[in-house]
Structure formats: structure tokens, C-alpha cells
Number of protein chains: 2
Amino acid sequence: VDNHDDAFIVQTLEGVNSADVSTLLNEFDTDDSKYVIDLLDPEIRAEIINDLDEDTREKFLRAFDTPQITEIVNYLDSDDAVDILNELPVKEREEVIAGLDNQEKEANILDLLRYEDDIAGGLMAKELIKANVNWSIDRCIEEIRRQAENVEKIFQIYVVDNEEKLIGKVSLKKLILATNEKRVEDIYETDVIAVETYMSVEEVAQVMRKYDFEAVPVVNVQGKLLGRITIDDVVDVISEIAEEERQIMSGISEDVEEDDSVWMLTRARLPWLIIGVVGGFVSAKFMGVFEAELIRITAIAFFIPLIQATGGNVGIQSSSIVLQTLANPSAFSESLVRRLLKVLLVAALNGLVLALLVYGFNMITGGEISLSIIVSCALFCVVLVASFMGTITPLILDSFGFNPALASGPFITTINDLLGLGIYFYTVHLFLS
Amino acid sequence: VDNHDDAFIVQTLEGVNSADVSTLLNEFDTDDSKYVIDLLDPEIRAEIINDLDEDTREKFLRAFDTPQITEIVNYLDSDDAVDILNELPVKEREEVIAGLDNQEKEANILDLLRYEDDIAGGLMAKELIKANVNWSIDRCIEEIRRQAENVEKIFQIYVVDNEEKLIGKVSLKKLILATNEKRVEDIYETDVIAVETYMSVEEVAQVMRKYDFEAVPVVNVQGKLLGRITIDDVVDVISEIAEEERQIMSGISEDVEEDDSVWMLTRARLPWLIIGVVGGFVSAKFMGVFEAELIRITAIAFFIPLIQATGGNVGIQSSSIVLQTLANPSAFSESLVRRLLKVLLVAALNGLVLALLVYGFNMITGGEISLSIIVSCALFCVVLVASFMGTITPLILDSFGFNPALASGPFITTINDLLGLGIYFYTVHLFLS
């Protein structure tokens, strides 16, 4: 690139899959990448830009002027085009849309821009293959040939009635194997599963995973066929959800990777660390209240890590089991009261074993009996409370529309730590007075 | 079901998608389910059993005798058949295979049984559509019609040479649009991406996600086409990997769900809780060594939660960033030394901010200067060490073939807690003496 050996670059990249070029360009700086990409065919250029990481792409788009972006958008499917438009400033976005010469594409894009990107409507593409139920097989194959020019992958042919309502599907295989005298209405299947525009992407992913779909049609509330969602987008969503959950659980506030700048990494990590430190400082002040007890029996302090670690582990385990259930909803859900009773039963069992274990350890290593009893009692209570909190917090977060994984993150963990400490010192206080 | 109203059951389930029936049966007990399923058509029965949860299915298969299982296996694709066979005792497995009347299916299944289920070979199905490069389009369409009887979804037609080596692909769309005079060699594309049998399922998932594939061909080391992996299996794998990671991070040792028995839930959770308790007990004994210092300055104890919480948070954040990088490997990887230097730089920055913050808090709330300095110094060191450990542990685990997510689990966390406590008390000891 530095030598501007254009012929060599073009020759090297010829025939290389655009996804591979994108992987390479993600690592280059913007100027070099732009230099390389300008040498390529506009259609390939559009694909490469579409495949870039979101943050790389945003930097990238700033280096292009409006006509260039318009050209890129022209080559992309409506859903990918909308993703790129959403990364542009409003003014530039309007200019790009106004500059599109394909009327149908413009209408499709304007339609898709209405949807938030976390619902089915925001994930769908307008490009699909549909057949009217009244068509003959011949006409159908003819129309598919025409429609197929805009559609990269066919999967299913959706069958609609005269009002554009989705009423069935037919596979390409069946269409090819059918004799020419038949009509669409003779061969189509009526059991078509569709998602509605307002369904969350998580629900869409569940549907596609359950039925092993490669594509699912999207309908509006009237049942009109509006678009389709393909599995490649859903796979990305599933991976992103998992990554986001891991980030939330480990207290990282942005989508950072190891090769981001020191400044970005610090900014993503510091807020949650500060929450932890504030929590720790509150703990310190709280213990200050019990200084008299601590001076009398210093050994109380020895068991703080044990109480807190166990409370933390129990809380995160409980939240994790709830997350699991939320991710794979069961057909029959038990009542909340029954679920909580079961959680408390498991907690009581675990708490009893742990409390006896600690009491045993203490006795073997010659600990004082009264303190040992205090520690074991407090531990039992902490396990119960942490189980309860760990179960109820993700449910509450979920019902208010927050990501339930937050319950395993540092904020809730900090609050649980404080609670555990409070229970411990309250138990100490009760026994000593 | 209790009324044995067979006609009603059959009628109700008629036309219902088998995935929906499976979801229902997962909630029933085995006897009721078996009763329902015996009423259904054998092909649908096979699909339903294939769609069941793994643990439900295992219970289920025990209720069937060998001829019944043989019938089920006969209806399934080779990859799904192998999954079911792997759940059977060896003797029964042999009987089922011996009982298959389709020679080709038997050979396919025996071939697939050789592979572990965490590599590409274990995920692939033998069913696919292939075309010899020398065929005419007519012959090709003829052969596809024949092969399509065994293949549920076509996606791509793989092109092989006379030695069965994979040399290209052609889409069904292109084949239909091609004129009849042409031959396969005129229209096929040579840039086909395949995975090899020994690749890990994670790598397969990465390849399919990167190139937006619905199916990827599997070749052996000689390049011979052996099978294909479809996206529905990979979606399941991606979801399972995410679930497994969450379980490991939260210290749950088995694949439990909320509706499992109290006993199973306890058994899955207790081992990691005991590790935490043992760690806490070691902490207690460790602090016992410093009892003299603690009696002299009780306030030392106040800051134990702060030190441990921060160390824990920093460690998990660091591990999470490494996990992110391992999950999305970059094209150019920096050297380990450079990566660690960067980690330490970020840690130093975070540590400095946190140490100053705590010092500020302490000064504002009238803390003692010497203790405040000790706490801030220890905190800075803990952040550095926890960052280093959090980064290096998943890398070490990964290089020894363990799941790197273990680094965020309770075992490593417990060790880090002890380390943090050690650093804190060593700092205290240094300053006081």
C-alpha cells in the first residue's frame, strides 16, 4: 500500500472473498483501507464495507462523500443499506436516500428506517421471493427468475393472496419437481410460521432456532408480508447477545476489545470499578459502627471474606439459573411463589451443608465455639438472602425491560455484598448482646 | 391423555409443527409422552424425538425397544441419527445399526460415529447434493432430483471431480437459470470454502458466521467431500457455547434449569460453593497470622471488602476482554509481551484513579492518614496483580485445552481473592514495621 502498487493490490485481492478482505481492512488504518478499497469494483467495495466491524465502518464512512455512499447503498440489500444509513448523520442520510435512482429501493429503505433495530422489523430485509397463489407453475418460475435478480439467496418462496397476505410457502425444490400443468395453489403448504414486525430480536432468534429456519417471513398485524429475516443476521444477533451478556456480567460498559486504545479500555472499565470501590467504602464505614465489637473479638474480621464470597457466589448462581430460564422459556411456567419456594428450599439445603462444613472446620482448627456458631448462623442466613435476591433481581429487571444479566453485574453484586456484611454484623450484634 | 382419548389427541396434533409437539412433550412425564407419541405417524414421531431436549430424550429412549429405535433412526438424517445412537448403551447401539435395512445409511452412520462431537466431523451430515464436474446440466438436474429425496434442504450443490474431491459449488438458482446446452463445468464457481473434519465446532461457527453460510462442506485432509454442516446445528452450538460459558462463569457445574429437581440443583451448585467456603476459611486462617496488627489497628479490617471486591472486579473484567479476543480472533495478533504491557498500562491507569479516589474519600471522612496511604497503595498493587492474573489465566487455560471461561469462575476467583488479601496484609505489614 505504501508503494502505491495498485496493480499488485488489485491482482492480489482478485477472487478473494469479500469477508476476508474486510477482516484484513479491520486491522488497517482508515486511509490505507480507503486507498485499497477505491481500487476495487464498486459492487465488491459495497460488500466489503458491509462486512466491516461496526466501529471500523463508522470511521470509514466519514472518509467517503455522499455520492460514493449512495453508490455503496445502491449495491446492498435493504437491511444492510439501512444499517449503514443509521450510522450516518441525519443530513447525509437524507442526501443519500434522495440520491438513490432506484425508486423501489428508496421506498424499501424508507419503510425499514421506521423500525428500531432490536425488533423484527429492524432486522428484516425487503428482498424476498413471493408468488401469488393464483399463478401457474410456469408463471411462477418466470416471476422467480425476475425477482431472483434482487435476491441473493432464495430459501423459500412465500405464497400470498391478492391482498398480499401471507398464506403459505413452497420450496424451490418442490417447484422444480412439480409438473408444469399444476398451479401454485396445488402445491403450496399452508403451515407457514411468520414473525410479526414488533417481536423482539431475541424472540425471532428463538423461533428460528426452534424450527431450524434459514429465513422467516415478517408480517404486520394485518398479516401482510413485509419482508424476511435471514439466519445470518440472527446468528450475528445471538452472538452479540451472548457477548453483551458477558460484558454486563463482568462489568464492562462498552463493546471493547483487546486491540482498542488504552483510553477506551480504561473508560469502559472504570465506571464499574468505581461502583465497587464506593461499595467497599460504604462497607468500611458500616464496619466502623461495629468497631467496639471488632475490638472485643478481632476474629470477627477473619470471616468477612468467607461470608462475602459465599453470598456473592450464591447470588450469581441464582441469577444465572434465572437467566437460563428466561433465555429458554418453558411452555408451562410455574407460579412465582412456587418458584421462590423452590429456590429457598435449594438455598436452605446448600446453606445447611455450608454452615455445617464451616462449623466443622472451625472445630477441627480449634476455633472458639460461640464465634463458630455465629459464623455458621450468619452464613446460613446469607445463603438464603443471596439466593432470594439473586432470583428476584433478574426477574424484576426483566419485567421493567432492563437486561436481566445486569443482576450478575458489579452493581447488584456490590449491593449484595453490603447486604451480606449487614447480615453478618447484625448476627454478631444479636449474639453478643 | 389420562382419558386415553386417542382420536382427540391425534386430531389435535395433526398439522402441528413437530417442534411445537416436542416443546410440549419436554414438560410431560415419559409415560404420558410415550403414549401420545405412539399414536403418531412414524416419520413425525422420529422428528419429534429428534427435537426433544437432550435429557428428556435420553429418558425417553429407554422406554423404546430396539426395533422401535431402529425405525426412528431410519427416518432421520445421518447426523441426527448419530446423536441419538450416542445416547444409547453400546450393545443397543450395535443392535440398532445392525437392524438398519438401508445399506447406505448404515455406512454413513458408521462413518460418523468415528468423530468426537466437538469437531466438524461430529457435526456434519452425510446427506448433501453433489454434482460431478463433467455432467451436463440435464444430467445434473436429473441427479439432483434423485438425490433430493434424501436431502431436506439443498442450499448449494457441491461440485466434485472424478476422485470425489471438492472443487467448487453451484447454486440451484444458477442451475435453473442456465440453458440446457451448458455443462456443470461451464457454470460452477471454483471459490468454495470448506472446513476440515478435525476443525473445532467453534472454528466452524466462526467460518459460517464470517461468510454468512447456511451450509458448509466438510472435507478430509485429502480434500475429499465427506459431508456438510448446516447452520441450524451451528446455531445450536453457538447457543450452547454461550450457555456453557455463563454456567462456568457463575459456578454451576451441570446443565441445570429452574425446573430440575431440588437435588439436581443442589448438586450442581454445591461443589463451587464449597470451593468458595474453603477459600474463605483459608482467608480466615491467613488473617489469624496478622491478629496482632489487627488488634493494634482494627480499622485495617474495614477495608478488606473494598480490596477484595475491586480485585475481583478487575480480574473478571480482564478475563472477559481476553475471552472476547479468543472468541473473535483478529487477523494480526500482537505478541504476548506487548499485550501484557498494554494490560498493565490500563491497570496502572485504573489503579491510580481508584487509589486516589479512596484516598480522597478517606480524607473527606476524616480517616487516619497513614492507614489511608496503606489502603491506597495496596489497592493500586491489587489492581495491577488482578489485571495480570485475569489476563494470563484464560490464556494459560486455553493453551492447555481447558475452557478459558473457567478464569471467570469461582475457583480462579477464590485464588485471586486470597492473593488480594495477601497483598493487602503484606502492605500493612511493610508499613507498620
Kindly provide the helix-only [θ] at 222 nm of chain B, computed as the sum of -39,500 (n - 2.57) over DSSP H runs of four or more divided by all residues, to the nearest 500 deg cm²/dmol?
-21000 deg cm²/dmol
Cα-based Debye curve of the protein assembly as shown sampled at q = 0.05, 0.06 Å⁻¹ gives log₁₀ I(q)/I(0) of -0.34, -0.49
For chain B, build the convex hull from the C-alpha positions and give me its volume per residue in Å³.
213 Å³
Relative contact order of the range B:130-235 (C-alpha contacts under 8 Å, at least 6 apart) in percent is 25 percent
Kirkwood Rh, Cα Rg: Rg to Rh for the range B:216-299?
1.35
Yeah, the range A:262-432 with a ≥ b ≥ c from its alpha-carbon gyration tensor (a/c under 1.5 is rounded, else prolate when a/b outruns b/c, oblate otherwise) is oblate
Each residue of B:350-358 has, on average, a number of other protein chain C-beta atoms within 10 Å of its C-beta equal to 3
Indicate, rounded to the nearest 5 percent, the antiparallel portion of the DSSP beta bridges found entirely in the protein assembly as shown.
75 percent
Pairs of Cα atoms under 8 Å, at least six residues apart: use those to get the relative contact order of chain A, whole percent.
11 percent
One decimal, nm, shortest first: give the distances between the label point of B:ASP255 and those of the same position in the other copies, each label point 7 Å from Cα along Cα→Cβ.
2.9
Just to confirm my numbers, what's the Cα centroid distance between the range A:33-111 and the range B:17-53 in Å?
48 Å
Full-extension gain between B:VAL262 and B:THR179, please, as 0.36 nm times their residue separation minus the C-alpha to C-alpha distance.
23.4 nm
Length gain on complete extension for the stretch B:ASP111 to B:ASP138, per 0.36 nm per residue less the alpha carbon to alpha carbon distance?
6.6 nm
Average partner coverage of B:227-239, which counts Cβ from other chains inside 10 Å
4
Within chain B, which whole H helices from DSSP have a Cα span along their axis of at least 30 Å and a mean Kyte-Doolittle hydropathy of 1.6 or more, if any?
B:336-364, B:369-399
Rounded to the nearest 100 Å², what's the accessible area chains B and A bury against each other, both chains counted, probe 1.4 Å?
10400 Å²
Over all residues in A:338-349, what is the mean tally of Cβ atoms on other chains that come within 10 Å of each residue's Cβ?
3
Taking the label point as lying 7 angstrom from Cα along the Cα-to-Cβ axis, what are the distances from B:THR179 to the corresponding position in the remaining copies, in ascending order and in nanometres?
2.9
Average accessible area per residue (Å²) across the protein assembly as shown - probe 1.4 Å, nucleic acids and ligands excluded
45 Å²
Could you tell me which of the pairs A:LYS59/A:LYS169; A:LYS59/A:LYS165; A:LYS105/B:LYS182; A:LYS34/B:LYS153; A:LYS210/B:LYS169 are separated by over 31 angstrom between their Cα atoms in the structure shown?
A:LYS59/A:LYS169; A:LYS59/A:LYS165; A:LYS105/B:LYS182; A:LYS34/B:LYS153
At R0 = 56 Å, FRET efficiency that the Cβ-Cβ distance of A:GLN222 and B:LEU340 yields, to 0.05:
0.45
Value of relative contact order over the range A:347-433, rounded to a whole percent, pairs C-alpha under 8 Å and six or more apart:
29 percent
Treat each spin label as a single point 7 Å out from the Cα along the C-beta direction, and report the A:PHE402 to A:GLU163 distance in nm.
4.4 nm
Applying a 10 Å radius around every beta-carbon, put B:362-368, B:217-223 in order of their mean neighbour count, most first.
B:217-223, B:362-368
Taking the Cα centroid of the range A:216-239 and of the range B:373-413, what is the distance between the two, rounded to the nearest whole Å?
41 Å
Summarise the accessible area of the range A:1-152 (1.4 Å probe, protein heavy atoms) by the percent that is carbon and sulfur.
43 percent
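The values are calculated or read from the model by the stated rules, or taken from the named source; none is laboratory data. Bear in mind that the values here come from a model prediction, so they are computed numbers and not experimental data. Reconstructed Cβ throughout: ideal geometry from the backbone, glycine too, with neighbour counts over all protein chains shown. Heavy atoms of the whole protein, side chains included, go into the accessibility calculation; ligands, DNA and RNA do not. Shrake-Rupley method; radii C 1.70, N 1.55, O 1.52, S 1.80 Å.
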